[in-house]
1. Which entry is the computed volume of the Cα convex hull per residue in Å³ for this structure: (1) 198; (2) 209; (3) 270?
2. All other residues with a Cβ under 9 Å from the Cβ of Ser527 taken together, and with Lys, Arg as +1 and Asp, Glu as -1, what is their net charge?
3. Give me the log10 of I(q) over I(0) for region 350-416 at q = 0.12, 0.23, 0.27 Å⁻¹, as the Debye formula computes it from C-alpha points; what are the numbers?
4. Peptides 498-504, 707-713, 739-745: what's the order by average Cβ count within 10 Å, highest mean first?
5. For region 583-666, build the charge dipole from Cβ charges (+1 Lys, Arg; -1 Asp, Glu) around the Cα centre, then report which of Thr583, Met653, Ile621 sits farthest towards its positive end.
6. How would you rank 110-117, 308-315, highest first, on the average number of other Cβ atoms within 10 Å across their residues?
7. Using the heavy atoms of the protein chains alone and a 1.4 angstrom probe, what is the accessible area of region 475-623 per residue in square angstrom?
8. On the protein heavy atoms, probe 1.4 angstrom, tell me the percent of accessible surface of region 739-803 carried by carbon and sulfur.
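The values are calculated or read from the model by the stated rules, or taken from the named source; none is laboratory data. Values in this document were obtained by computation on a predicted structure and should not be read as measured data. Positions of Cβ are backbone-derived with ideal geometry, glycine not excepted, and every protein chain shown enters the neighbour counts. SASA here: full protein model, heavy atoms, side chains in, ligands and nucleic acids out. Shrake-Rupley method; radii C 1.70, N 1.55, O 1.52, S 1.80 Å.
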Amino acid sequence: MQNFFLKLFLVVKWTLLFLFFLSLIAFFILRASLPDLSGTENITLLNQSVTIDRDVQGIPTIHAKHRQDTAFALGYLHAQERYFQMDLMRRSAVGEMAALFGNGALESDKKVKLHRFKTRARETLRRLPKAHYAVLMSYVNGVNTGIESLTNDPYQYLLLGQLPEPWELEDSLLCVYAMYFDLNDELGERETSLSILKDELPQQWFDFLTPKGGIWDAAMDGGELEDTQLSIPNEKLPDSFIQKSLKKKSQVHEQTAYHRQSNSNFLPGSNSWAIDSSLTSSSAAMLANDMHLTLRMPNIWYRASWYLDDGRRITGITLPGVPAMVAGSNEKVAWGFTNSYGDWGDVIALKTNETNTQYQTSKGWKDFELYDHLIASSNGPSQEHISIETELGPVIGKNHKGELLVHQWLAYAPQAVNLNVLELEKSESVSEAMVIAPTMGIPPQSIVIADSEGHIGWTIAGLIPKRAVNTESGEDEKQWQGYLDADDYPSVVDPEKHRIWSANNRLVTGEKLSKIGFEGGDLGARSQQVRNELLKKEQFKEADLLAIQLDARSVFLQRWQKLLLNSIESADAKMVDSPKSATQLLMIDALKNEPDLSADSDSVAYGLVRAFRKHIVNQTIGWIFDTIENNNPKLFKRSSIDKMIEYPVWELMSKKPEHLIPQGYNSWDDFILAASEKAYNEVTQSGQMNLAQQSWGKLHKVEIQHPLSVAIPGLGLFLDMPESPLSGDDNMPKVLGSDFGASMRMVISPGKEADGILHMPGGQSSHPLSSYYSSGHQDWVEGKPSAFLPGETEWTLTLKSLQ
């Protein structure tokens with residue numbers, strides 16, 4: 001027996017020693033892929049030497065005498081800190097993910113191939129101005145030098161058993177094309193879904209379910225939309241439609257209020273607003289911007305600062321892969337973006353010949369163009385794929401009638417991508433930046449601008465299609481007539497209210513709105529809440545604007561809270577001989593304890609009201625969308641068309657038409673009361689949990705993960721950020737889902753950068769052994785006013801030119 005335990009001891013001992021030395025070897029291998037922080041690197045491709053100062057959070061300040069050398073240094077930094085992220089972006093734009101991750105990515109690669117963005121990027125390269133091309137070339141040289149200077153390849157490639165491929169000139173343009181996927185509807189899902197909805201429902205129901213707007217609108221120009229009054233259908237839906245719902249009862253949207261929310265509930269976009277100098281303590285205007293995107297590790301943005309040729313310092317956020325400042329301040333002008341949600345594409349049903357080899361155009365029949373693609377896979381043979389294209393764009397599939405569909409999308413325009421953002425970083429005034437914005441090749445964005453002279457402005461940055469108008473119907477034609485001239489762009493400059501606000505909502509009305517359209521954007525409650533907070537004061541400091549960014553009050557759900565409370569109390573009052581139930585008492589207590597409803601992490605009422613509204617929405621209107629989606633799963637996307645669902649649902653709650661009482665209930669009051677009981681059961685897990693302990697933050701936690709931790713179990717311990725119970729949700733300024741929210745928060749007054757604020761989730765480095773892998777993250781979690789400018793120098797790296 002003693003020999004057995006001795007042998008067991010020796011086995012355990014040597015196993016542990018083996019694991020220890022194995023871990024030690026892995027540690028040193030990983031450590032060898034950390035970036036260079038200090039010392040001197042001899043570089044042959046620099047015009048003159050460059051110095052890079054980093055603060056304790058790894059935020060660099062680049063000192064260079066020429067913009068090309070600045071671009072080289074930025075490329076060097078991006079590569080050493082974020083190369084894997086850059087690689088994923090370029091691959092996602094051209095359908096080359098399977099080459100890294102294997103057969104599991106083949107289907108998504110096939111969908112991306114039809115856009116042929118690599119070919120379009122190469123064509124764009126030939127059109128770049130010489131100065132922009134030179135900056136791009138220097139950046140690419142910096143990227144490849146940065147990767148080659150690492151002792152080991154980035155650790156992600158070691159884990160995948162792959163080698164990083166060199167960065168090419170077109171790859172930086174592909175990073176911009178990749179943002180089109182994030183910010184636009186690349187397959188025209190909204191148009192396709194609306195077409196199906198229109199064919200499935202009687203006209204009065206279609207009109208009722210697709211309102212143009214209403215009380216939540218908050219346009220900057222103060223205008224109001226026409227025809228926003230809703231008319232409740234005077235008849236029930238046809239029995240044939242109701243039978244469809246009974247056959248395929250939807251469970252898609254019956255997740256609990258605390259269940260991990262999918263990103264379909266949130267809009268890629270941002271908040272951004274500006275106030276002119278009459279509302280600040282200086283002669284400068286002030287800008288706030290927080291961009292809402294999927295939260296991941298590392299963060300999409302990389303903070304940086306450098307000096308322009310005229311000595312001005314430019315600071316803000318960059319996109320690894322692109323040699324420019326995306327948003328920030330250059331001491332004279334500050335700018336930020338929100339997604340515009342204009343009408344940037346048209347889905348067109350083609351008329352084809354019997355063999356589907358030709359399609360009809362205004363000039364006669366034309367052959368389809370076929371493109372062969374070879375898709376490589378890291379764990380299987382390469383696969384061939386064919387995409388079909390027309391003069392308007394690629395064929396994206398068939399509609400519910402079996403017709404071939406083509407998507408005419410702005411991303412296919414020759415001017416859709418360029419590097420004119422390089423001109424924006426040199427701008428000296430709002431008026432100058434407003435001229436540059438329409439020339440920028442990016443997914444069309446609402447750009448908000450403020451300058452050091454106290455001016456503010458808004459317009460669209462990016463292309464706007466020019467549509468012909470049918471003289472008979474008054475509607476836009478599908479055929480585009482080129483693109484709007486810069487002089488015709490909608491804009492707002494130095495408005496009378498001294499304030500500009502933008503939050504993915506309908507921003508303008510009348511002729512301005514007709515130029516850009518509004519497709520699938522935000523309801524407007526968030527923007528209205530921002531606007532109202534801006535109108536409350538006549539003087540603001542940076543901290544005041546940050547406070548608005550962190551505002552988690554739910555003005556939107558207040559009327560639902562009142563409806564819920566009234567329903568419970570009224571029902572109890574009717575039952576004279578019946579004492580109040582324990583459930584009713586608990587709900588009443590929770591609702592009355594929080595009269596100012598807010599999505600705070602310790603709020604109990606918020607989750608209850610949210611669940612209550614969800615049940616009512618899904619049983620009155622949501623089931624209609626779900627029925628159609630279940631019967632057309634590949635073509636119909638509820639999330640693309642239901643952002644205005646609040647209007648028809650609340651109209652039913654207000655009017656309570658007897659002929660539309662939900663099935664199974666004797667009255668609207670009974671239905672509403674039942675919804676309150678369902679909400680209680682959902683939040684408390686059918687009474688198993690104490691309501692008072694079911695706070696919004698208990699299960700509504702932020703999960704910021706690394707792509708590799710999702711693919712490889714166990715890595716999350718080292719790569720992911722800790723789960724955090726946080727305040728926030730949709731329809732309020734502080735937008736926050738489990739993996740979606742503010743990818744950065746910035747408040748800045750041009751010329752007063754020392755007083756500015758900037759923080760973001762995660763840190764600068766993608767390497768878990770970096771001392772600043774998560775530096776700054778806690779400031780984002782807690783909403784602290786982190787400094788806009790980099791701090792004191794902790795490390796200095798010199799890139800010495802050998803020329």
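1. So the structure-derived entry is (2).
2. Neighbourhood net charge equals +1.
3. -0.41, -1.04, -1.20
4. The peptides rank, most packed first, as 498-504, 739-745, 707-713.
5. Ile621
6. Ranked by mean Cβ neighbours within 10 Å, highest first: 110-117, 308-315.
7. I get 44 Å² per residue for region 475-623.
8. 44 percent
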